[in-house]
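Everything below concerns the one structure shown next.
The values are calculated or read from the model by the stated rules, or taken from the named source; none is laboratory data. Please read these numbers as outputs of a predicted model, since none were measured by experiment. Cβ placement follows ideal geometry from the backbone for every residue including glycine, while neighbour counts extend to all protein chains displayed. For the accessible areas, the whole protein counts, side chains as well, though only heavy atoms, and no ligand, DNA or RNA atoms are used. Shrake-Rupley method; radii C 1.70, N 1.55, O 1.52, S 1.80 Å.
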Amino acid sequence: MNYDSLKIAKGAVVCAEADLRGDVTVGSNTIIHPKVRIFAYGGPIVIGDGCLIEEQTVIINRGDLSDEDVTKFLKETETRPPQTRSGKNAPLRALQSQCAYVCGKITGETQTIGSYNFFEVGSHVQAMRIGSNNVFESKCKLGRKLTVGDGCVVSVFCSLEKEDHLDDTTVVYGPNNQRRKQQDKPMAQTQQLEFLAKVLPNFHNLKKSNVSPSPEPKG
């Protein structure tokens, strides 16, 4: 398995200041802001189409790293961003050299994130299965053993770190992670995606797309 592969679909906007490492796939029309960190340490990460990922969001496939090692790993990568290095395996070497004390097993399990998800500023995501049309509000935290259906909302500062599943259209809110159901799924951020796709390239350098979007299935 290749852990040195960044695949960006045509139409995605990925700011150069975002830190993406390992086998990461970014879908068409997805927007990734500066200061986002996406680390495929324990296995690949696949992000669907039309997602909006705001500043300081962390998405990590942690493998079997302990909570303590994840904290050390993120602190290290925050204070020492990867240096530009030549060579086929440079991104992987940078990841390993900056975190040599982290000895987690690479499980190879893929972290899958669906389409039209909205990750607000500072959200922290380790969940391995996330559906589509979800909203993750600022500073919320999704643990590795959580799975998320479609059309869910996790509110500001909510932390879901135990083994659990959010059924479709679940809203998590409040200091005790109360839950309720909503009738409709959150609306896709279509207008905001279109606006950012026009504006961000005027103010930021971008990582180049290198994958054509998948053809739409014929009826």
Original post:
Which GluC sites (Glu not before Pro) from the range 118-177 combine a DSSP loop assignment with at most 16 other Cβ atoms within 10 Å?
Top reply: 161, 163
Original post:
Among residues other than residue 151 whose Cβ falls under 12 Å from its Cβ, what is the net charge (Lys/Arg +1, Asp/Glu -1)?
Top reply: -2
**OP:** Please figure out what share of the DSSP beta bridges in the range 121-210 is antiparallel and state it in percent, rounded to the nearest 5.
**Re:** 25
Subject >> 13 Å beta-carbon shell around residue 67, net charge (K/R +1, D/E -1) >> reply: +3
Original post:
Accessible area per residue of the range 113-188 at 1.4 Å probe, in Å²?
Top reply: 48
